[in-house]
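Remarks on the structure that follows.
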Amino acid sequence: MTTDQFLPMDDKSATDVFAANGIDVTPRKDQGVMKVVRRQGLDGDRPMIGDKVTVHYTGKLLTGKKFDCSRERKEPFCFNVGKGQVLKAWDIGVLSMLRGEVCTLLCKPDYAYGPPGNPDKIPPNSSVLFEMELLNFEGEILTSDGGIVRRIKVKGEGYSNPNDGASVDVHLEGRCGDRLFDCRDVSFIVGQGEDKGIPLGVDRAIDKMQRGECCLLYLNPKYGFGSEGKPEYKIGPDKDIVYEVSLKDFKRAKESWEMDLNEKLALVPDVKNKGNQYFKAGRHHQAVIQYQRIISWLELECGTGLEQHKQIQDYILTAHLNLALCFLRLKEFSQAVENCNKVIEQDKSNEKALYRRGEARLLRNEYSLAMADFQKVLEVNPSNRAARTQLSSCQSKMKEHQEQEKKIYANMFQKFAERDSKTGRPKRRRDESARSSMNGEVGIKRRRRSQDCPS
């Protein structure tokens, strides 16, 4: 059935047509959004709240006048369904669809453009029609590397979320493939889920949840049980896992602005020790969370008097140094350099900051910069054997790098020679001119590199 054959229609006629041929998809069954399926979708699951959906749509008035169409723009439209980013009718209608389904939605004003309408397009208090095609949908990606994907089964209440340090009560069900390996009610402190055997991905996703929410979390190994696996759950290394998490209740921790300086300074030693415990256990992501809490509390504080000011600065510098060490272990070298720079801005001769920045730069193949850092370390402490060893390593790696470049250029010229021998030399002058130009460019590049080397 196509609804176009009935256009134009008034509100009552449209409601009768859709009631006879379709279904009411509103939760309250108030006929605010009626759906007629024009093409069945593929069998399988439907979108969940928060999923990123991709649709094509055409919007029409009940007169048959078209007011918007993604197909005419030749560009599908994407949004996170159920998050209030689009018309209420779209959130409700798309959640009822299957992948590949095409349907027509009759949307009453309260679910569409309301009493004002849309100037120049939608008259006030108008019902509208949308032809929708659900092209695709996928879970909500919570991390920049795509390691945590959330799909919300039950939407939570209110607008408050747990924060780092909050106490949370949750129900967990963990699966690897089709096998249930973890099912329990548990309480923990956000940022310290490791203490209760909770994967990093669950701990990191909790602060995106609302009270009463139930969601599925798809975790890659980095956010699950990593390369070690979890022998007690019979999970091998580098396995993807899925957790169903229900947030039953939580109590937020005090935010930085809710605490006075004395409260913060009293909490810092315990948070620092917790970070050190995680670091020693090889839980570097969890250690990062603790050290970053210290910085967030103190970075805008000045204190009263020189002694307190020095205490604050010492805590901040130590936290940055510890973060740099964590990021070195995590192979996030840019972050390591950034934290070392924070320390060096305050203390240009900080031996640990210079050394750790040199390590990060060496691992980024920035040999000249790394050498400069290790040389500064030796200026500060001539007996630092590790820096002297790293300096020798820089020199060796620079030499290896230069030898590799020589081989690359030698192979390049060999290929030119082989080409000339096959094709003869009818264009000898032009080839000689090209080689001369190329030799000049290579010479310039070599001279530039030599300026980066220590004298």
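The values are calculated or read from the model by the stated rules, or taken from the named source; none is laboratory data. Because the structure is a prediction, the values reported are computed rather than measured. Don't worry about glycine lacking a Cβ; one is built from the backbone with ideal geometry, like all the others, and counts go over all protein chains shown. Side chains are part of the model used for accessible areas, which takes the heavy atoms of the whole protein and leaves out ligands, DNA and RNA. Shrake-Rupley method; radii C 1.70, N 1.55, O 1.52, S 1.80 Å.
Give me, ordered by chain and number, the residues 5 or more places off ASP182 or on other chains with an amide H under 5 Å from its own placed amide H.
Those qualifying (amide H under 5 Å, at least 5 residues apart or on another chain) are GLY174.
Give a quick list of trypsin sites (Lys or Arg not before Pro) in the range 41-91 that DSSP marks as loop, anything other than H, G, I, E or B, with at most 10 other Cβ atoms within 10 Å.
Answer in residue order: LYS74.
Using a Förster distance of 41 Å, how high is the FRET efficiency between GLU72 and ASP43, based on the Cβ-Cβ distance and rounded to 0.05?
0.85
Rg and Dmax of the range 224-382, Cα atoms, in Å?
18.8, 58
Starting from the Cα gyration tensor of the range 291-364, take the square roots of the eigenvalues, sort them a ≥ b ≥ c, and report rounded, prolate or oblate (rounded when a/c is under 1.5, otherwise prolate if a/b is larger than b/c, else oblate).
Cα axes put the range 291-364 in the prolate bin.
Taking the alpha-carbon set of the chain, what are its Rg and Dmax in Å?
Considering the chain through its Cα atoms, Rg and Dmax are 31.2, 91 Å.
Per residue, how large is the accessible surface of the range 1-86? Use a 1.4 angstrom probe and give square angstrom.
Dividing the accessible area of the range 1-86 by its residue count gives 57 Å².
If each residue of separation counts as 0.36 nm, what is the full-extension length gain between ARG385 and LYS397 once their alpha-carbon separation is subtracted?
On the way: separation 12, 0.36 × 12 = 4.32 nm, distance 1.84 nm.
Value of the extension gain: 2.5 nm.
A 32 angstrom limit on the alpha carbon distance is what I want to check against. Which of LYS35/LYS74; LYS29/LYS121; LYS66/LYS153; LYS153/LYS230 exceed it?
Pairs exceeding 32 Å: LYS66/LYS153.
For the range 162-246, what does the accessible surface come to per residue with a 1.4 Å probe? Please give it in Å².
41 Å²
Along the range 288-295, what does the Karplus equation 6.51 cos²θ - 1.76 cosθ + 1.60 (θ = phi - 60°) give for ³J(HN,Hα), rounded to whole Hz, x for Gly and Pro?
Once θ is set to phi - 60°, the couplings for the range 288-295 become 4, 4, 5, 5, 5, 4, 4, 5 Hz.
Which of rounded, prolate, oblate describes the range 252-305, given a ≥ b ≥ c as roots of the alpha-carbon gyration tensor eigenvalues and a/c under 1.5 marking rounded, otherwise prolate only if a/b is larger than b/c?
Here the range 252-305 falls in the prolate category.
Mind pulling the angle between the C-alpha long axis of helix 333-346 and the longest principal axis of the chain? Nearest 10 degrees, somewhere in 0 to 90.
Helix 333-346 sits at roughly 70 degrees to that axis.
Determine the dipole magnitude for the range 156-228: charges of +1 sit on the beta-carbon of Lys and Arg, -1 on that of Asp and Glu, nothing else is charged, the reference point is the Cα centre, and the result goes in debye to the nearest 20. If you can, show how the numbers build up before the last one.
Values: 8 positive and 13 negative charges, 36 e Å.
About 180 debye.
How far apart, in nanometres, would the label points at ASP238 and THR54 be if each is projected 7 angstrom from Cα along the Cα-to-Cβ direction?
Each label point lies 7 Å from its Cα, and together they span 2.9 nm.
For every other residue with a beta carbon closer than 12 angstrom to the beta carbon of ARG46, add +1 if it is Lys or Arg and -1 if Asp or Glu, then tell me the sum. Provide the component values of the computation, followed by the final result.
Working: positive: ARG99, ARG151, LYS153; negative: ASP43, ASP45, ASP51, GLU101.
My count for the surroundings of ARG46 gives -1.
Expressed in nm to one decimal, what extension gain is obtained for the pair ASP420 and GLN308 from 0.36 nm per residue of sequence separation less their Cα-Cα distance?
32.8 nm
Note the angle between two axes, namely the Cα long axis of helix 306-329 and the longest principal axis of the Cα atoms of the chain, as a number of degrees from 0 to 90, rounded to the nearest 10.
In the chain, helix 306-329 runs at an angle near 80 degrees to the longest axis.
Quick one, can you get me the convex hull of the C-alpha atoms of the range 310-406 expressed as volume per residue in Å³?
Taking only Cα atoms, the range 310-406 has a hull volume of 89 Å³ per residue.
With +1 on each Lys and Arg Cβ and -1 on each Asp and Glu Cβ, how big is the dipole of the chain about its Cα centre, in debye rounded to the nearest 20?
Charge dipole of the chain: 2500 debye, to the nearest 20.
Going toward the positive end of the dipole of the chain, with +1 on Lys and Arg Cβ and -1 on Asp and Glu Cβ, which of GLY32, TYR315, ASN350 do you reach last?
So the residue we want is ASN350.
Counting other Cβ atoms within 10 Å, keep those with at most 15, restrict to DSSP loop, and tell me which trypsin sites (Lys or Arg not before Pro) in the range 106-177 are left.
LYS121, LYS155
May I ask which of LYS83/LYS239; LYS60/LYS155; LYS280/LYS331 have a Cα-Cα span longer than 23 Å here?
With Cα atoms farther than 23 Å apart: LYS83/LYS239; LYS60/LYS155.
Let me have the 222 nm mean residue ellipticity of the chain computed from DSSP H runs of 4+ only, each contributing -39500 (n - 2.57), with the sum over all residues rounded to the nearest 500.
Rounded to the nearest 500, the figure is -14000 deg cm²/dmol.
Given H placed 1.01 Å from N in the peptide plane, which residues other than close sequence neighbours of ILE49 have an amide H under 5 Å from its amide H?
ILE152
Can you tell me the FRET efficiency between GLN404 and GLU228 if r is taken as the Cβ-Cβ distance and R0 is 45 Å, rounded to the nearest 0.05?
0.80
What do you reckon, how do ARG329, ARG184, ARG357 stack up by accessible area (1.4 Å probe), largest on top?
ARG329, ARG184, ARG357
Sticking with the crude label model, points 7 Å out along Cα→Cβ, report the distance from ASP16 to GLU345 in nm, one decimal please.
Roughly 7.2 nm, to one decimal.
Taking all protein chains as present, what is the carbon and sulfur share of the accessible area of the chain, in % to the nearest whole number, probe 1.4 Å? Walk me through the numbers before you get to the answer.
Values: 12040 of 24990 Å².
Carbon plus sulfur share of accessible area: 48 percent.
Once amide H atoms are placed 1.01 Å from N in the peptide plane, what residues at a sequence separation of 5 or more from LEU98, or on another chain, have their amide H within under 5 Å of its amide H?
Correct list: GLY41.
Under a Cβ-only charge scheme (Lys and Arg +1, Asp and Glu -1), can you give me the dipole magnitude of the range 54-161 about the Cα centre, in debye to the nearest 20?
With Lys and Arg at +1 and Asp and Glu at -1, about 160 debye.
For labels at LYS153 and LEU180 in the simple 7 Å Cα→Cβ model, what's the distance in nm?
Calculated label separation equals 1.0 nm.
Using a probe radius of 1.4 Å on heavy atoms only, what accessible surface per residue do you get for the range 317-425? Whole Å² is fine.
60 Å²
Assign one of three labels to the range 54-203, namely rounded, prolate or oblate, based on the Cα gyration tensor with a ≥ b ≥ c the square roots of its eigenvalues; rounded applies when a/c is under 1.5, prolate when it is not and a/b is larger than b/c, and oblate otherwise.
Prolate is the answer for the range 54-203, as a/c is 1.5 or above and a/b outweighs b/c.
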